[in-house]
1. Once amide H atoms are built 1.01 Å from N in the peptide plane, which residues 5 or more positions from B:Arg272, or in another chain, come under 5 Å H to H?
2. Using the C-alpha atoms of segment A:557-696, what convex hull volume per residue, in cubic angstrom, is computed?
3. Counting other Cβ atoms within 10 Å, keep those with at most 12, restrict to DSSP loop, and tell me which chymotrypsin sites (Phe, Trp or Tyr not before Pro) in segment A:604-697 are left.
4. Write down, largest first, the equivalent ellipsoid semi-axes of chain B in whole Å, where each equals the square root of 5 times an eigenvalue of the alpha-carbon gyration tensor.
5. Normalized C-alpha radius of gyration of segment A:101-210, against 2.2 N^0.38 Å?
6. Find, to one decimal place in angstroms, the Kirkwood hydrodynamic radius of segment B:1-64, where the mean of 1/r is taken over every pair of different Cα atoms and then inverted.
7. With a cap of 14 neighbouring Cβ atoms within 10 Å, and only residues DSSP puts in a loop, list the GluC sites (Glu not before Pro) found in segment B:141-226.
8. Dipole magnitude of segment A:557-696 about its Cα centre, charges +1 at Lys/Arg Cβ and -1 at Asp/Glu Cβ only, in debye to the nearest 20?
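The values are calculated or read from the model by the stated rules, or taken from the named source; none is laboratory data. What you see is a predicted model; the values in this text were computed from it and never measured. Note: ideal-geometry Cβ built from the backbone for every residue, glycine included; neighbour counts use all protein chains shown. In case anyone asks, the SASA skips ligands and DNA or RNA and just uses the protein heavy atoms, side chains included. Shrake-Rupley method; radii C 1.70, N 1.55, O 1.52, S 1.80 Å.
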Amino acid sequence: VLEQFLQKGRVAALLWEVCQQPAQPGAPELQEALLSRVACLPDHVSNQLQGKSPPVFFPQNYFPLLGGAVIEVLQKISDSLRGGLDCSISFVSHILGKVCVHGRQKEILSVLVPHLTELTQSDCIWQRICWRLVECVPERWMEAVLLGFVQRAPGADVLSRLLGNLVVKNKKAQFVLTQKVLLLQYGHKTAVLQNLLGYLSLDPLRRSLLIQVLQELLETWGSSSAVKHSPAEQQQYISKAILICLSHLKESEIESCRQELLTSMMEGVKCHLDSNLPCVRRLGMIVAESISLKINTEGPVLKFQVRGSMKFMSAVQGLEERKVLKHMIQDVIAKLLSRVIPRTSRGTLSGWASAVLADARAVVDDDLIPYDMSEDKELTAKAPLYLRDCIEVLTGCEDVDKWEATVKALEGLIRRNPAAAREVKHVELAKILLHLEEKTCMEGFAALRQRAQVAVLTTDPIPVAQYLTSQFYSLNYSLRQRVDILDVLVLAAQELSCPKSHGNTKHSVAPKPGIQLLPGSDSSKDWRRIVDERIKSKTRRIATGQAQVEPAASPNEFNSVAGHFFFPLIQHFDRPLTTFDLLGEDHFVLGRLVHTLAILMYLAVNTVAVTAMGKALLEFVWTLRFHTDCYVRQGLLSCVSSLLLSVPAERLLEDMTEELLEAQSWLGDVVEKDPDGDCRRLALQNLLLLENLKKKL
Amino acid sequence: MALPPPDPQFVLRGTSAAVHALHFSCGDQEPDVPILFSGSESGLIHVWNLKTRRVDTALDGHGRNSVYCVETMGSKDKLLSQGRDQRICLWDLAEGRTSVLDSVFTENVGFCRCSLLKMAQGRWLMAMASKALAEVQVLELPSKTSVCTLKPEVGAKLGMPMCLKLWQVSCGSQPLLLAGYEDGSVVLWNLSMGKALSQLACHQEPVMSLDFDSERTKGISGSSEKVLSIWSLNEQQNLQVYKTHRLVNAGISDVTIRPDRKILATAGWDHRIRIFGWKKMKPLAVLDYHTATIHCVSFSDHSQPSERLLAAGSKDHRISIWSIYTQT
């Protein structure tokens, strides 16, 4: 019976009936009952029929049908309004709200929105009806309905027609649209943001809201705890919203709130640049750039070298530099213009004439025979041939060309004859290299220095490693130098632990200039690559049972020196110095340190010291496990992985059982609760490794 | 296969300081010996005997301040020298004397060499950078009376004058001055009116040196860039760029056209002398001998073309003497 009822379009009639009778006694109860019946019909039916309900009652069919019915009723209502009759729309609104809150927005609105879009195109009565329709939705259902509309509207202008000034009138709607969607949720698409913010910008009444929204967004963007604790996706979402907002603002409006924009931008830049994650830093820079572009229509504009600038130049400095530069450029252009224009117009003709004459004369007697000029090449300074000379040049030479040539030649010199290189103390050389500053704008300077440092460290590992690790924790070094030490240790360890020939070719072929510029991403990728390779090689062996071709056996040179690389680094991390506080402000270096330790641990596989190293590392991880910075946490998790991979299983289970169990529960926590996606993934990987370990027994 | 570039004819050593200025005086009749004057960073002016290739005398008149310009006035007995002590000295060297006759206090701290032009017997014009920025003063020598002061218009940001060249179309006609400035432009001044006739932006960087061929009304200038700029002066007294020539290495400290206007030489920061054919700027030779920046190049005024020499003074304390393209 119900089926026929539906198919004959009686629902519409039913709704229409209800709309026509205004407030009869006893009606509320009746309405309530009807409402729940209509909105939940598919559930009722399927409950009754035990899952054998006919296709009409499937939600995906029923709700579009209902949508059609709603349209029909609205059509009638509009007719009757035109006829001067009064009728209530609230029942339809109730139905809409209830359906939406039951999670059927997609089905019903996919029918409603296109129709309403078309109908409201030109007709103001329809527009009114539509506004009324949304307005009458009860508060508790408002959110679902609004979200549905915002998501489905094809554009900001359509949304504006459909919703009218609802945001201004309705408190709940205002909350949903300006707070919840923007600040609390971050799963929506960019189109949704554009719809919503476009909608806010389309009416003068709503524009004040737009500015308010922008201020709130900026507050969130600039708050350091939000930057630290919210996931990267949300920060990206908020940044997008800010950029869209900015594009909607007019000059006059920006004028009115310029000061506030500036202060919040400054704060935001500060805490974004403080972050360890390159993507967050970059995001901060991009947003700050566009804000400053907006608020400074004339004069200084903030500009970052978005591609990995390690120099955290303060925003103020940047502004001033820009100012000067801009003035200079303007001057030059003005000069050029004033000079070029009059000159070119005059005297072109006579110029031609004299040129032709001169040429004619020249042809007559030009009998001078040139000498061989093939030796005329670009000038290059000669590089020194001995390490001792290099040291001299690097410490006290004023000649820039020579200095550059020396830096370029250094790595080769160190590597060429390690035995003869005893003529100098390698520690001394390492010291010079560590303090070497870039004197000129030399291409690839950082990479060259790094390679030279690695070369020194690999030729004479023990004393140089001792020197470097002790310097890592001493006073008076810049962050750059400390990070350098870590990088060099990692690269040298990698080289030492690889078979000889392999290491050499790899070094000459694939230098890694990027590591200095974007250390964060690079090293963690590095690490992951190693682990991935490792896992891959393992699985392959088990699955196919084929032994890989063994590279020529050679002693692992890292074996004897692993401890010298590792232990000094792990010892002093909790003793803050006046200039260097790993657990406090310098969490960036801490993050790098942790990653370094993870790699060293991994490279120490099959060495004698590995068990002791593992133990120390596990303790280290345990003390830092609740660090607030997610880059550090990622490093810690990497540490655990490399530990599990490097230390032999029996040693792990005999010596560190308790610690491992503790770690397991911590990992479980991380998998469930950590806000950072990478952390969760790493923790999961660790748990799998632990499981494998158990299976082996 | 082209011939390999020649070696220097000979090399003069012993200034024990960088050489900044060179000037030949070889035009006198035999039995007078040809002479080369060189000004060095130590403030001495060495008088080289080109027969014996030894220093005849060393003149000390600038209080150990670098000498960056030496010129003779008519004969080798009358010498003009300019030093970093902001003085221009006039020497009397006749009969073995070594005394400063007179001196002009320039009050200019730049490196702009002065320029001399003979007006009549015993009457000379000298242009020099003066105390005020961008200002050039022209004096009459030996009376030291000021002829005119050339100031650029207010607002024209030329910077300091870097090099000067006084010239006249023919004997007895109006003297004119070409001046290269710090902003890379070359300006043609009319001395009698004290007015700039034409201005040309030849370079992006300061003009280090210029020379001008009054017969072909064509000049050349070098700067710290990799470009030589050749410009010409038309009948309306307008300067215009004729062509530019790209160099392999940047930096030209001196450029000189040989008196017979066949070739020109440049002194390069890349330690090399370059020789070009002046008519078409055809590169002819690259002379590679010095081991440091070359500061100056100069051609001799031998009356016999076959004896003509080229000298180059360098920061490496040496003066190299070359004999090149003498058969034309």
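1. B:Ile294
2. Numbers: hull volume 13.8 nm³, N = 140.
Once divided by residue count, the hull of segment A:557-696 is 99 Å³.
3. Working: sites: A:Phe620, A:Trp622, A:Phe626, A:Tyr631, A:Trp666; in loops: A:Phe626.
Those that pass, being in a loop and sparsely packed, are A:Phe626.
4. Values: eigenvalues 151, 125, 70 Å².
Largest first, chain B gives 27, 25, 19 Å.
5. Values: Rg = 12.8 Å, N = 110, 2.2 N^0.38 = 13.1 Å.
Dividing the Cα radius of gyration by 2.2 N^0.38 Å gives 0.97.
6. On the way: mean 1/r = 0.0760 Å⁻¹.
For segment B:1-64, the Kirkwood estimate is 13.2 Å.
7. Values: sites: B:Glu153, B:Glu182, B:Glu215, B:Glu225; in loops: B:Glu153, B:Glu182, B:Glu215, B:Glu225.
Here the GluC sites (Glu not before Pro) that fit, given the DSSP loop and packing criteria, are B:Glu153, B:Glu215.
8. Numbers: 12 positive and 19 negative charges, 72 e Å.
Roughly 340 debye for segment A:557-696.
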